[in-house]
Amino acid sequence: MAKTHAVSFKLNGKPVAAEVEARELLIYTLREKLALTGAHIGCETSHCGACTVDCNGMSVKSCTVLTVQCDGAEVLTVEGLERAGTLHALQQAFHEEHGLQCGYCTPGMLMRAYRLLQENPNPSEQEIRHGMAGNLCRCTGYQNIVKAVQAAARKLAAAPAAA
Amino acid sequence: MIPASFDYHAPRSIGEALSLLASLGDEAKLLAGGHSLLPMMKLRFAQPAHLIDLNRIPDLRGIREEGSELVVGAMTTEADLIGSSLVRSKLPLLAEGAASIADPQVRYRGTIGGDISHGDPGNDHPALMLALDASFVLTGPKGQRRVKADGYFLGVYATQLAADEILTQIRIPIPAAGSGWSYQKLKRKTGDFATAAAAVMLQMKGGKVARVAIGLTNIAPTALRAHEAEAALTGGPLDAKSLGEAARLAMSICNPTPDQRGDVAYKTAMCGEMTRRALLAAAARATA
């Protein structure tokens, strides 16, 4: 049995702990040890972005981060976006603008868009496309994803407390 | 895909990292942003017994101006470079080049030092460093040594960095005011390595090229500095004839590996075209 590491971090605002081998990737800890299956495993080669989560204020592909590297970190996943049963403006906007079809890429899209809007609350279409370039969608052609991010930005500008 | 087992070490200082490296020897690999090494480990192209993670060493991060140089910590991320007002004002070529690397998620993790020392000819910083005439500070058990970017890259995955050394700093002379710059990168899609790319720093004086530096990406086993093209341009005007000659000379040193991005002839031709475009774009930004 390989040596394990005791890792603790904040996940969606709550402290969590896990005992992991050094080689365990964050996506596996989230999905298999902590039972949060929102972040998806897509390509597992850091191309597709389906596994994107927020870690210490950065969007990261959780298939390419070791869980041991997250000791003491603040991690936010798609499960942490809603507040007391109310969808986050981005989730609502993806629903209203039809920003998904099969939905596989959606948790990653939402988490990347979340960080993008934190850094740039009023992005141009070009900035959204550039800022979302690490997330692949095979259904929508991206048009409605861009519209959804724009709609969420407008909604958040009107009610910034919901950001 | 999960890497093979390894022991993980997270030193808090450069000294601690160096002692780990000394005691673990060839069995250890340094982990920077991890976006080249971890994928290689998943595919078993790399199977280190030990990983020494440099992410918790604050001294390896940050950007500061020191005399006539910008000093960049090796673990400074691409996102840090792009977001730095110091980099954008003093070394816009570096900000432009960093923004062309991979995608936003990768740029939050990927580091300038990792990109330089990985030794993959597809990495972008080597050519940027050649064009910027950068030097690298390598720290080992016997202290520090400073080496020029030109000559640092020896071959695929081979640099002058010795097994017991860590690249700690990148030192870049701040270009003269009025210098033009451009990084022109042809890639098939976001996140892909360059089919070919060219980095240019250019100073014009009285309508003539006063000084030019050209770095080329992914057209040979290492990034290359196009010395002959630079020499041909220096002292003359930038016109169709001199651009054509510079592109021809840049193409003459290409030795690319054919792959899905193209065959030798295509990649070589694209290197010429990127050289031409980067020179024109740099000229448009140069003043005086």
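The values are calculated or read from the model by the stated rules, or taken from the named source; none is laboratory data. Only a predicted model underlies this, so the values are computations on that prediction, with no experimental measurement involved. Note: ideal-geometry Cβ built from the backbone for every residue, glycine included; neighbour counts use all protein chains shown.
Key figures for this structure:
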| quantity | calculated |
| --- | --- |
| Residue identified as farther than 30 Å from B:R56 by Cβ, at pLDDT 95 or above, surrounded by fewer than 24 Cβ atoms within 10 Å (Cβ to Cβ) and more than 13 Å from every other protein chain (Cβ to nearest Cβ) among A:A162, A:A153 | A:A153 |
| Among the residues listed as B:V156, B:V200, the single one being surrounded by fewer than 20 Cβ atoms within 10 Å (Cβ to Cβ) and closer than 22 Å to B:D120 by Cβ | B:V156 |
| Contacts under 8 angstrom Cβ, first residue in segment A:124-148 being touching a residue at least 24 places away in the same chain (Cβ under 8 Å) and closer than 15 Å to A:K61 by Cβ, partner basic (K, R) and in a helix (DSSP H, G or I), 6 or more apart | A:G134/A:R112; A:N135/A:R112 |
| Pick from segment A:8-30, criterion within 14 Å of chain B (Cβ to nearest Cβ) and in a loop (DSSP other than H, G, I, E, B), ranking: nearest to B:A10 (Cα to Cα) | A:A22 |
| Every residue from segment B:100-148 that is in contact (Cβ under 8 Å) with a residue 40 or more places away in the chain, away from chain A (no Cβ under 14 Å) and in a loop (DSSP other than H, G, I, E, B) | B:G119, B:D120, B:P121, B:G122, B:N123, B:D124, B:D133, B:P141 |
| Test result for B:G262, modelled with pLDDT of 95 or more, under 16 Å from B:A127 (Cα atoms) and surrounded by 17 or more Cβ atoms within 10 Å (Cβ to Cβ) | no |
| Any hit, segment B:269-278, residues being buried (at least 23 other Cβ atoms within 10 Å of the Cβ), hydrophobic (A, V, I, L, M, F, W, C), touching a helix residue (DSSP H, G or I) at 6+ places or on another chain (Cβ under 9 Å) and over 27 Å from A:A133 (Cβ atoms) | no |
| Check on B:L167, surrounded by 22 or more Cβ atoms within 10 Å (Cβ to Cβ) and either part of a helix (DSSP H, G or I) or in contact (Cβ under 8 Å) with a residue 12 or more places away in the chain (or both) | yes |
| Among the candidates A:L117, A:L110, residue that is free of Cβ contacts under 8 Å to residues at least 60 places away in the same chain, under 25 Å from A:G13 (Cα atoms), crowded, with 22+ Cβ neighbours inside 10 Å and within 14 Å of chain B (Cβ to nearest Cβ) | A:L110 |
| Counted residues, segment B:3-29 - those being touching a strand residue (DSSP E or B) at 6+ places or on another chain (Cβ under 7 Å) and either surrounded by fewer than 13 Cβ atoms within 10 Å (Cβ to Cβ) or farther than 15 Å from B:K142 by Cα (or both) | 11 |
| Residue within segment A:69-89 that is hydroxyl-bearing (S, T, Y) and within 13 Å of the chain's Cα centre (by Cα) present | yes |
| Residue in segment B:234-253 that is basic (K, R) and in a loop (DSSP other than H, G, I, E, B) present | no |
| Test for B:G143: is it among the small types (G, A, S) and modelled with pLDDT under 95 | no |
| Any hit, segment A:41-49, residues being among the aliphatic types (A, V, I, L, M) and crowded, with 21+ Cβ neighbours inside 10 Å | no |
| Test result for B:G33, modelled with pLDDT of 95 or more and loosely packed, with under 13 Cβ neighbours inside 10 Å | no |
| Cβ-Cβ under 9 Å pairs, at least 6 apart or on other chains, segment B:263-278 side not assigned by TED's automatic domain parsing to the domain that holds B:A247, far side part of a helix (DSSP H, G or I) | none |
| Residue in segment B:212-221 that is surrounded by fewer than 16 Cβ atoms within 10 Å (Cβ to Cβ) and part of a loop (DSSP other than H, G, I, E, B) present | no |
| Enumeration of residues in segment A:55-83 that are within 10 Å of chain B (Cβ to nearest Cβ) and assigned to a strand (DSSP E or B) | A:C55, A:M58, A:S59, A:V60, A:K61, A:L66 |
| Whichever residue in segment B:20-39 is touching a Gly at 6+ places or on another chain (Cβ under 7 Å) and over 19 Å from B:A4 (Cβ atoms) and, among such residues, is farthest from the other protein chains (Cβ to nearest Cβ) | B:A32 |
| Residue ID - nearest to the other protein chains (Cβ to nearest Cβ), chosen from residues in segment B:54-99 that are without any contact (Cβ under 8 Å) to a residue 40 or more places away in the chain and closer than 15 Å to B:P175 by Cβ | B:A95 |
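The rows are residues; the columns are (1) under 16 Å from B:L94 (Cβ atoms); (2) modelled with pLDDT under 95; (3) of a type in the set (G, A, S).
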residue	(1), (2), (3)
B:G191	no, yes, yes
B:A197	yes, no, yes
B:K208	no, no, no
B:A220	no, no, yes
B:A231	no, no, yes
B:P237	no, no, no
B:P258	no, no, no
